[in-house]
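Take a look at the structure set out below.
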Amino acid sequence: MRRSAFLLALLFATPACAQTAPSLPPGEGRDLVASVCTGCHNLNTIVQIRDGSGGWRQFVNYMIMKGAQVSVHDSDTIVAYLTTNFGPNSPPAAGAPPAAAVNLPPGTGKDLVEGRCVTCHDLTRVVASRRQKTDWDAIVANMVSRGASATAEERQTIVAYLAAQFGP
């Protein structure tokens, strides 16, 4: 009986995610992200985002607007750290869950979606969505403003593909 009580106490004292939680890579800003950001978010949320400097700046500014207590200097350090370690084409964080394999339907623009969109996130978001062409256009424009690489022509090809394959 005592052993069962001890095991139950140990189970509840140790978070279930402790063994699989991702870790933050070393670097200037790591301690700030660990203390400031994890006050509201778990690391899985943070380490799965792949964003450019502009996108991370938007996230950080929004969090400050929502009440995060961060100085201007610290916000610059946080954005630099996140961009360096969780920017486009960054490797997955240690301990982060693997992305699901997604096979997109054939069509003009598939290669662009597979080559550009996956630099920041996996494609499960895309295949789970049904949106109007104007919505896809706004989303792709937002991604480009955050640092995604696409010419104006490539952007339109991506939007046309997404609207054709994942429209309403």
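The values are calculated or read from the model by the stated rules, or taken from the named source; none is laboratory data. What you are looking at is a predicted structure, and each value in this text was computed from that prediction instead of being measured. Note: ideal-geometry Cβ built from the backbone for every residue, glycine included; neighbour counts use all protein chains shown. Calculation scope for accessible area: heavy atoms of the full protein, side chains included, ligands and nucleic acids excluded. Shrake-Rupley method; radii C 1.70, N 1.55, O 1.52, S 1.80 Å.
Ranked from largest to smallest solvent-accessible area, with a 1.4 Å probe on the protein heavy atoms, Glu114, Glu154 come out as Glu114, Glu154. In the assembled protein chains, Ile46 presents an accessible area of approximately 10 Å² (probe radius 1.4 Å). If only the Cβ of Lys and Arg carry +1 and only the Cβ of Asp and Glu carry -1, the dipole of the range 50-156 around its Cα centre is close to 280 debye.
Computed with a 1.4 Å probe over protein heavy atoms only, the accessible surface of the range 44-168 comes to 55 Å² per residue. Annotation: amide H-H contacts under 5 Å for Gly167 (H modelled 1.01 Å from N, sequence separation of 5 or more, or interchain): Arg131.
Each residue was assigned an accessible area with a 1.4 Å probe, and for Leu24 the value is about 10 Å².
Listed values for the range 131-148 are Karplus-derived 3J(HN,Hα) couplings in whole Hz (6.51 cos²θ - 1.76 cosθ + 1.60, θ = phi - 60°), namely 9, 5, 4, 5, 5, 4, 4, 5, 5, 5, 4, 4, 5, 5, 5, 8, x, 5, and x replaces Gly and Pro. Sorting Arg125, Arg131 by accessible area puts them as Arg125, Arg131; the probe is 1.4 Å, largest comes first, and only protein heavy atoms count. Applying the Karplus relation 6.51 cos²θ - 1.76 cosθ + 1.60 with θ = phi - 60° to the range 69-86 yields 3J(HN,Hα) values of 8, 9, 6, 4, 4, 5, 5, 5, 5, 5, 4, 4, 5, 5, 5, 5, 9, 9 Hz, where x marks Gly and Pro.
List the relative contact order of the range 62-168 as a percent without decimals, with contacts defined as Cα pairs under 8 Å and 6+ residues apart. Working shown, then result.
Details: 67 pairs, mean separation 31.6, N = 107.
The normalised contact order for the range 62-168 reaches 29 percent.
Amide H to amide H, with H built 1.01 Å from N, Ala150 comes under 5 Å of no residue 5 or more places away or on another chain.
Multiplying the sequence separation of Asn42 and Gln58 by 0.36 nm and subtracting their Cα-Cα distance, what value in nm do you get?
On the way: separation 16, 0.36 × 16 = 5.76 nm, distance 1.88 nm.
Value of the extension gain: 3.9 nm.
Applying 1/(1 + (r/R0)^6) with R0 = 25 Å to the Cβ-Cβ distance of Met65 and Ser35, what FRET efficiency is obtained, to the nearest 0.05? Once rounded, the FRET efficiency stands at 0.85.
In the context of the full protein assembly, Trp56 retains an accessible surface of approximately 10 Å², using a probe radius of 1.4 Å and ignoring ligands and nucleic acids.
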